[in-house]
Every structure is written in structure tokens, then in C-alpha cells.
1. Please pick out the residue among Ala42, Ala124 that is of a type in the set (A, V, I, L, M) and under 19 Å from Tyr2 (Cβ atoms).
2. Name the single residue, out of those in region 58-81 being among the small types (Gly, Ala, Ser) and not in a strand (DSSP E or B), that is nearest to Ala260 (Cα to Cα).
3. Just to be sure, is Thr41 touching a strand residue (DSSP E or B) at 6+ places or on another chain (Cβ under 6 Å), more than 13 Å from the ligand (Cβ to nearest atom) and not in a loop (DSSP other than H, G, I, E, B)?
4. Which of the residues spanning region 124-160 are of a type in the set (D, E, K, R) and within 14 Å of Gln84 (Cα to Cα)?
5. For region 123-160: of the residues being part of a loop (DSSP other than H, G, I, E, B) and in contact with an Asp or Glu (Cβ under 8 Å, 6 or more places away or on another chain), which is surrounded by the most Cβ atoms within 10 Å (Cβ to Cβ)?
6. Would you check if there is a residue in region 137-147 being under 16 Å from the mean Cα position of the chain (by Cα) and among the hydrophobic types (A, V, I, L, M, F, W, C)?
7. Just give me the residues in region 132-150 being more than 16 Å from the ligand (Cβ to nearest atom) and not charged (D, E, K, R), in sequence order.
8. Could you tell me which numbered condition Ala21 fails, if it satisfies all but one of (1) without any contact (Cβ under 8 Å) to a residue 12 or more places away in the chain; (2) hydrophobic (A, V, I, L, M, F, W, C); (3) surrounded by 15 or more Cβ atoms within 10 Å (Cβ to Cβ)?
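The values are calculated or read from the model by the stated rules, or taken from the named source; none is laboratory data. Just so you know, these numbers come straight off a predicted model, no measurement behind them. Cβ: placed from backbone, ideal geometry, glycine included. Neighbour counts: every protein chain shown.
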Amino acid sequence: MYPHNRFTHALTRTPTDNLSAGLTSQTIGAPDMALAYQQHTAYQDALRACGLSVTALAGDPTYPDGCFVEDAAVIYGDLVVITQPGALSRRGEADAIAAAFAHRPLIRLTGEAYLDGGDVLFCADRVLIGLSERTNRAGATALRNALRDYDSAVRVEFVPISGVLHLKTGVTELAPGVLVFSPLMQTEADFSFAECHTLPEREWHGANLVPINDSLLIMEGYPTVTELAAKHARTVHTLAMSEFEKMDGSLSCLSLRYHA
Ligand code: GLY
């Protein structure tokens with residue numbers, strides 16, 4: 001499989017003042033926007049510290065969830081698949097992302113194929129696609145076909161999930177073959193191909209982390225993740241994400257990482 005955690009570039013999109021109008025299942029209050037902008041800037045600085053060149057698109061208040069750019073595309077090698085996000089209010093976000101990658105060959109999901117990039121996890125020797133409230137089987141199948149057309153050797157598995165928004169809210173890869181799980185995610189999938197760590201109940205949101213080259217981005221406030229990260233990663237960037245957590249956001253959804 002194409003080396004999936006080696007990147008040179010990242011795309012982000014600045015949040016807008018109406019971030020609180022976005023979708024969320026949390027009831028912990030509206031984001032403090034001054035703090036949200038500060039956290040977003042620190043996040044971009046961390047991407048740069050990992051060696052990435054960051055392009056920041058301007059936010060558009062039509063799409064209060066637009067800063068969560070990961071949901072609008074899946075990038076694998078040179079292949080860019082522009083998604084149709086599962087939530088109706090977010091569908092138009094994909095146009096700005098498609099425009100940002102217009103210089104590359106693009107595939108766009110159409111028809112009844114709905115998929116959020118947050119449901120796609122490249123880990124170990126495979127790609128997992130979560131079947132969630134946002135990603136349906138038609139979307140997962142369309143992405144699988146696009147990935148296989150690009151790389152006939154790619155191994156793709158579907159993972160039906162519940163209890164969390166996206167697959168990557170429920171599980172991410174801390175180091176090659178080492179997975180960290182949220183205790184909230186329910187799934188019958190077999191993860192015996194990996195070393196698995198499930199977080200304690202109170203740290204349920206900490207399972208979303210981002211490996212980039214030899215570094216790891218983790219969220220502040222999750223001691224078990226901090227401990228695991230110290231064991232497995234050479235450089236760890238710990239970021240405050242409180243204002244995005246209020247909107248069901250976390251680390252991976254705030255950028256698209258890619259090789260250019
Ligand atoms: N607020 C992120 C989402 O629900 O898609």
C-alpha cells in the first residue's frame with residue numbers, strides 16, 4: 001500500500017464566526033470563537049512543525065462545518081476523491097475542496113454515494129471505510145472502486161460502526177499497526193491484525209490522533225493517549241481542541257494531509 005502517513009502538504013480551511021451553527025451531538029456549550037481561532041492557528045503551526053507546507057482556504061459562513069475539510073476528500077497517492085458528505089448541510093463544502101485540487105486528476109462521488117472522509121482510515125496494510133450515519137454502502141463501494149482502479153493491490157474493508165460520528169472518532173492509528181479506540185464505538189469488525197488499545201470511558205474523545213511522518217498530533221486532556229504516544233512516537237504535538245470538540249470535531253478532521 002502507498003505509504004499512508006508520509007506527507008509534504010496539508011490543506012485547511014479557516015473556521016467562521018458561526019461555527020456554533022454547525023452540526024453537533026455535544027451539549028457542552030457553543031465554541032468561544034477567539035479561542036477557536038487560536039486553537040486553529042496552533043493546529044496549523046503544528047502541521048508546519050511536522051514539515052508540512054500548509055494552504056489555508058478562507059472560510060465561508062454558508063458552511064459552518066467547512067473547517068472540517070477532511071470530510072470532503074480522500075487522498076491516496078496522486079488520487080483525489082472528492083466526496084459527497086453524508087449531511088445535506090455539508091454537501092456544498094466539497095466544491096471549494098475540488099477547486100483547491102483542480103490541478104490534479106479528480107474523481108467525484110455522485111448519485112446516491114455518500115461518504116465523509118472522517119470514515120476512512122488508512123492503517124497497517126489496509127484501508128478501513130466506516131459505514132456510519134454519514135457514509136453509506138454506495139459511498140464506500142464507490143471509494144473502494146476508485147482506490148482499486150488506482151492501486152490494484154490495495155486492501156479495502158468495510159467497517160459498520162455506531163456510537164460515534166465517524167470511524168476516525170472511534171479509532172485511529174498511533175503508530176504502524178497500533179490502533180487506539182474510543183470505548184464509545186460499537187462494531188463487530190475484526191481488528192486482530194493490529195495491536196489495539198481501548199481508552200477509558202472518560203477519555204472517549206481522545207482516540208482521534210494524527211500520525212504525520214515521524215510525528216504525532218494528539219489532543220490535550222487525555223492522559224492514556226499521552227502515555228501511549230510517548231512510547232510510540234519520536235515527536236508528539238499536544239494540542240488544545242476544546243472549542244472544536246464542542247462541535248464533534250477533533251484533530252484529523254481539520255486538515256487534508258497529502259504528498260505533492
Ligand atoms: N460538526 C462536524 C459534523 O458534524 O460533521
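1. Working: Ala42 fails: under 19 Å from Tyr2 (Cβ atoms).
Criteria check complete, one pass: Ala124.
2. In this case the residue turns out to be Gly77.
3. no
4. The answer is Glu133, Arg134, Arg137.
5. Applying the filter and picking the extreme gives Thr135.
6. Of all residues in region 137-147, those under 16 Å from the mean Cα position of the chain (by Cα) come to 140, 143.
Subset that is among the hydrophobic types (A, V, I, L, M, F, W, C): 140, 143.
Yes: one or more hits.
7. If the condition is that a residue be more than 16 Å from the ligand (Cβ to nearest atom) and not charged (D, E, K, R), then Ala138, Ala140, Thr141, Ala142, Leu143, Asn145, Ala146, Leu147, Tyr150 are the ones that fit.
8. Here Ala21 clears every test but (1).
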